[in-house]
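Below you'll find the structure, written out as C-alpha cells, and then a few comments.
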Amino acid sequence: MQLLAIISGKGGTGKTSLAASFMALAPLAVGADCDVDAANLSLLLSPREEEVEDFVAGKKPAVDLARCQRCGRCQEVCRWQAIKTGEVNLIRCEGCGVCSHVCPQEAISMQDEISGQWFVSATEYGPLVHARLRPGAGNSGKLVTVVRKRAQELALSSASQWVIIDGPPGNGCPVMATLSGVKAALVVTEPSQSGLHDLGRVLDLCHQLQVRPYVCINRHDLSSHFTEIILAWCHQQDVTTLGKIPYDTRLFDSVVAGNVPVLTSDSPGALAIIELWGQLEDRLTKEG
Amino acid sequence: MKLAVASGKGGTGKTMIAVSLALSLAQKRSVAFIDADVEAPNAHLFLKPQGLGSERVSMRVPEVDSQLCNGCGTCADLCAYNALAVIKGQVLLFTELCHGCGGCTLLCPHSAMVEVSRVIGVIERGSAGTMEFCHGRLNVGEVLSPLIINELKTHAPSRHAVVVIDAPPGTSCPMVEAVSGCDVCLLVTEPTPFGQHDLEAAVEVTRSLGIKTGVVVNRCDQGDDRVYQYCRREGLPILAQFPFSRRLAQALSGGIPAWEGLKGWRHAFTALGEQVLKMESEDTASCNY
C-alpha cells in the first residue's frame with residue numbers, strides 16, 4: 001500500500017481536482033479528504049455514505065450554576081479568557097480543563113464535545129473517508145488523523161494499492177496531521193511569487209517530517225516566467241518536479257458540473273493530469 | 001472599522017482583494033493592514049512593506065525540575081493534549097503538543113514544574129506607503145497559528161480609521177481567531193460547487209460571531225449561478241463581482257496589486273470600499289436585506 005498526500009501551502013492551487021482525478025486513474029484506491037474544514041473531494045465523487053461516526057474533539061466545561069459561588073477562581077486560571085462567573089465562551093475555550101480542576105465547589109465538569117462527523121462512503125472509484133468539522137470548531141488536526149487512519153485501515157483490509165490523500169492548505173496543525181506516517185507528497189503550486197513563497201515553506205515542512213516531495217505546477221501558462229523560476233529553484237534545491245498542467249477552462253467546467261476533471265474531456269489539462277499520474281505511479285512504485 | 005477578508009476555500013483571491021481594497025481605502029483614510037494568514041503570508045509580496053522590525057512570539061511551556069519531581073503522574077493525567085507522559089517515574093514532555101494552558105505547573109503537588117518560554121514564530125511591522133503593515137509567520141513545524149494571529153490583533157494599531165485583516169483560509173480555529181471582533185467580514189468565493197460549499201461554512205462562522213457579512217464573487221464569469229441563488233436565499237449582499245482576467249493573473253504573479261496593475265479595476269475597488277463603509281454604518285437588520 002502506498003500513501004500519496006496532495007498538499008500545497010497556498011490554497012486554491014487545484015489539490016482537490018487532482019485528488020479526484022487520481023482516484024479515478026489509480027487501479028485500486030482509497031480516498032481520504034483531510035481538508036476537513038473545507039471538505040470538497042466528496043463533491044466530485046458522488047459518495048454513498050455507509051458509515052457515519054460522531055467526532056469528539058475533546059471536552060468542554062459545563063458549569064453547575066447551583067453550586068457555583070462566583071468566586072472567580074476559574075477566570076483567574078483560564079489563559080484563553082473563556083470563562084467568567086459561570087459562563088463559558090465555547091469558541092475561546094481550548095478544553096484544557098484547568099478550570100474544572102481548580103473550582104473549589106467542584107461546580108465545573110468536563111463533557112465530551114461533538115464537533116463534527118466523519119464518514120466512510122462508497123464511490124465509483126473506491127472507498128472514500130471524509131469528514132465535516134462544525135464550522136468554527138477547533139482541533140481539526142485530530143479529525144484529520146481519524147480520517148487518515150481510517151483510510152489506511154480500509155486500504156489494508158481491502159488490499160488497495162493506493163491511499164490518495166487530499167490535504168489542507170497551509171503548513172500548520174492539520175497539514176502536519178495529514179503528513180504523519182506519509183512518505184511521499186505531491187506539492188501543487190502555481191507560477192507566482194505567492195506560489196513560490198508558500199512552496200518554500202511547505203517543502204521545509206516536508207524536509208522536517210521526512211516526507212519526499214514531488215512538485216507540480218498548475219496553470220503554468222499563466223506565467224511562463226515564474227514557471228521557469230520555480231523549476232530552476234526546485235532544481236537547485238534538489239526537489240523533483242514532475243508535471244506542468246496548463247490553464248484549461250474545461251477542467252474547470254467539469255468541476256462546476258460536479259465531475260472528476262480528468263474523465264470528462266481529452267483537453268490539454270486532462271492529458272497533463274493523466275501524464276502526471278503515470279509519472280507518480282512510476283516513481284512511487286520504484287522509490288517506495 | 002475592523003474589516004476581515006476571509007473565505008472557506010483557499011485560493012479564491014482573499015489577498016488580491018484585501019490588498020487592493022486597503023489601497024483604495026487608504027486614498028482618503030488612515031489604514032492598517034494585518035496579514036493574519038501566518039502559515040502562508042503573502043500580502044507583503046504585493047504591498048512591499050519598508051522598515052520591517054521583527055518581534056518573536058513565544059508561548060509558555062512547562063519544564064520539569066527533576067530534583068522535586070517524584071513521578072506521581074498528576075501532570076500527565078490532567079494534560080488534555082497528551083503533551084506529558086510519565087514513564088518509569090520520568091516525565092516526558094512533548095512540547096509541540098502543548099497548548100500552554102499552565103495546568104500542570106499550577107497543579108503539580110510537588111511544585112516541580114516551572115514555565116519557560118518557547119518561540120513559535122515572529123511578527124514583523126513596518127509601513128507600506130501611507131499604510132501601517134504587519135504580518136506574522138508561524139515557524140515551520142509549529143501548530144499554534146491562532147496564538148500568533150491573536151498577538152497580531154492584540155497589538156493592532158488602534159488609531160487608524162480602518163484595519164484590514166487578510167484572514168487564513170478554512171473555517172477552523174485560525175480563521176475564527178482572525179475574524180472574531182471584526183465589524184464587517186467580506187467572504188470571497190467563486191461560483192463553483194467548492195466555492196459555495198465552503199462559503200456556507202464560513203457564513204455559519206461569521207453569523208455565530210455576530211459579524212456583518214458581505215460576499216465578493218471572484219472569477220464570476222467561470223461557473224454557474226448556484227452561489228448567487230444561495231446568497232439570495234440567505235439574504236447575503238453581494239458587494240462585488242470580479243471576472244477572470246489573464247492580465248490580472250500575470251500582474252498578480254509578479255506581485256503587482258490589481259489596484260496598480262489594472263487601472264480599469266480601480267473604480268471597482270473604490271466602489272467596493274464605499275459599499276463596505278456603508279455596510280458598517282448600517283444597523284444589522286438592514287444589512288440582511
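Condition check: assigned by TED's automatic domain parsing to the domain that holds residue A:33 and touching an Asp or Glu at 6+ places or on another chain (Cβ under 6 Å). Does residue A:256 satisfy that?
yes
In the set A:184, A:232, A:272, only one residue is of a type in the set (Gly, Ala, Ser), touching a Gly at 6+ places or on another chain (Cβ under 7 Å) and away from chain B (no Cβ under 14 Å); that residue is A:272.
Answer yes or no: is there a residue in the range B:113-135 that is in contact with a helix residue (DSSP H, G or I) (Cβ under 9 Å, 6 or more places away or on another chain), of a type in the set (Lys, Arg) and closer than 20 Å to residue B:75 by Cβ. Yes - at least one qualifying residue is present in the range B:113-135.
Are any of the residues in the range B:167-178 of a type outside the set (Asp, Glu) and away from chain A (no Cβ under 11 Å)? Yes, that holds for at least one residue.
Residues in the range A:1-38 that are among the aliphatic types (A, V, I, L, M), in a strand (DSSP E or B) and under 13 Å from residue A:123 (Cα atoms): A:29, A:30, A:32.
For (1) touching a Ser or Thr at 6+ places or on another chain (Cβ under 7 Å); (2) away from chain B (no Cβ under 12 Å); (3) surrounded by 20 or more Cβ atoms within 10 Å (Cβ to Cβ), each residue gets a yes or a no:
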site: A:98; (1), (2), (3): no, no, yes
site: A:118; (1), (2), (3): no, yes, yes
site: A:133; (1), (2), (3): yes, no, yes
site: A:143; (1), (2), (3): no, no, yes
site: A:148; (1), (2), (3): yes, yes, yes
site: A:151; (1), (2), (3): no, yes, yes
site: A:156; (1), (2), (3): no, yes, no
site: A:161; (1), (2), (3): no, yes, no
site: A:171; (1), (2), (3): no, no, yes
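Scan the range B:100-110 for residues that are closer than 18 Å to residue A:76 by Cβ, touching a residue at least 40 places away in the same chain (Cβ under 8 Å) and assigned to a loop (DSSP other than H, G, I, E, B) and the total you get is 2.
The set of residues in the range B:85-107 being loosely packed, with under 14 Cβ neighbours inside 10 Å and away from chain A (no Cβ under 14 Å) consists of B:87, B:88, B:89, B:90, B:92.
Inside the range A:190-218, residues that are basic (Lys, Arg) and within 8 Å of chain B (Cβ to nearest Cβ) make up a count of 1.
Are any residues in the range B:1-33 farther than 19 Å from residue B:46 by Cα and of a type in the set (Ser, Thr, Tyr), and if so, which ones? Passing the criteria: only B:7. Would you be able to say whether some residue in the range B:235-243 is out of contact with any Phe, Trp or Tyr (no Cβ under 8 Å at 6 or more places or on another chain) and within 11 Å of another protein chain (Cβ to nearest Cβ)? No, that holds for no residue. Applying the criterion of being free of Cβ contacts under 8 Å to residues at least 40 places away in the same chain and assigned to a strand (DSSP E or B) to the residues of the range B:214-225, the residue that is farthest from residue B:275 (Cα to Cα) is B:217. Restricting attention to the range A:19-59, the residues being under 24 Å from residue B:190 (Cα atoms), within 13 Å of chain B (Cβ to nearest Cβ) and not small (Gly, Ala, Ser) number 10.
How many of the residues in the range B:108-148 are more than 11 Å from chain A (Cβ to nearest Cβ) and either farther than 30 Å from residue A:176 by Cα or not charged (D, E, K, R) (or both)? Residues flagged as more than 11 Å from chain A (Cβ to nearest Cβ) and either farther than 30 Å from residue A:176 by Cα or not charged (D, E, K, R) (or both) within the range B:108-148 amount to 23.
The values are calculated or read from the model by the stated rules, or taken from the named source; none is laboratory data. Just so it is clear, the structure is predicted and the values come from calculations on it, not from any experiment. When we count neighbours, we look across all protein chains shown, and the Cβ atoms used for this are built from the backbone with ideal geometry, even at glycine.
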